[in-house]
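Nothing in this text is a laboratory measurement; each read-out follows from the coordinates by a stated rule. Keep in mind that this is a model prediction, so the values were computed, not measured. So basically every Cβ, Gly included, is an ideal-geometry build from the backbone, and we count neighbours across all protein chains shown.
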């Protein structure tokens with residue numbers, strides 16, 4: 001994963017948030033917030049996968065990298081505990097560092113994934129754009145930490 005790829009996805013989400021702020025209809029605005037949540041959850045999933053994939057591509061033998069890439073393809077709905085378990089498979093210190101993240105960051109990541117899951121299965125999550133934007137700022141902190149650990153930044 002390149003930083004360019006991450007920033008392209010992030011820029012798209014930023015743009016969606018800006019567009020949603022121009023919508024006066026509360027119901028449509030909340031629908032937009034749910035859609036943005038799905039995009040943020042996708043950003044988490046793809047960033048985690050691609051960071052660990054890129055890390056192994058530069059450090060492991062080609063056969064090992066191919067194995068890791070295949071395993072990472074199955075990594076979905078990444079709650080913080082799941083990311084910590086994955087990080088532990090690479091480096092115990094990374095897992096410990098992730099375990100020490102602020103509760104606000106942990107709750108934001110898990111909330112985004114929970115809302116996405118509910119929306120994807122027809123749930124009517126009552127979420128506002130303001131709340132999604134708060135979660136998003138915390139999610140970015142989480143992803144930046146993972147990028148730093150994998151030497152992407």
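Kindly express, to the nearest 10 degrees and within the range 0 to 90, the angle between helix 26-59's C-alpha long axis and the longest C-alpha principal axis of the chain.
Tilt of helix 26-59: around 10 degrees.
I need the Kirkwood Rh of the chain: take the reciprocal of the average 1/r across all distinct C-alpha pairs and report it in angstrom.
After inverting the pairwise mean of 1/r, the radius is 16.1 Å.
Quick check on the exposure proxy: order 3, 129 from fewest to most C-beta atoms within 10 angstrom.
3, 129
Restricting to DSSP H runs of at least four residues, report the calculated mean residue ellipticity at 222 nm for the chain, -39500 (n - 2.57) per run over all residues, nearest 500 deg cm²/dmol.
Rounded to the nearest 500, the figure is -27000 deg cm²/dmol.
Helix 129-149 versus the longest principal axis of the chain: what angle, 0 to 90°, nearest 10, using Cα atoms?
Approximately 10 degrees, to the nearest 10.
Helix 3-20 versus the longest principal axis of the chain: what angle, 0 to 90°, nearest 10, using Cα atoms?
Orientation of helix 3-20: about 10 degrees from the principal axis.
When only Cα pairs under 8 Å and 6 or more residues apart are kept, what is the percent relative contact order across region 48-142?
24
If neighbour count is taken as other Cβ atoms inside 10 Å, put 46, 119 in order from fewest to most.
Listing 46, 119 from fewest to most nearby Cβ atoms yields 46, 119.
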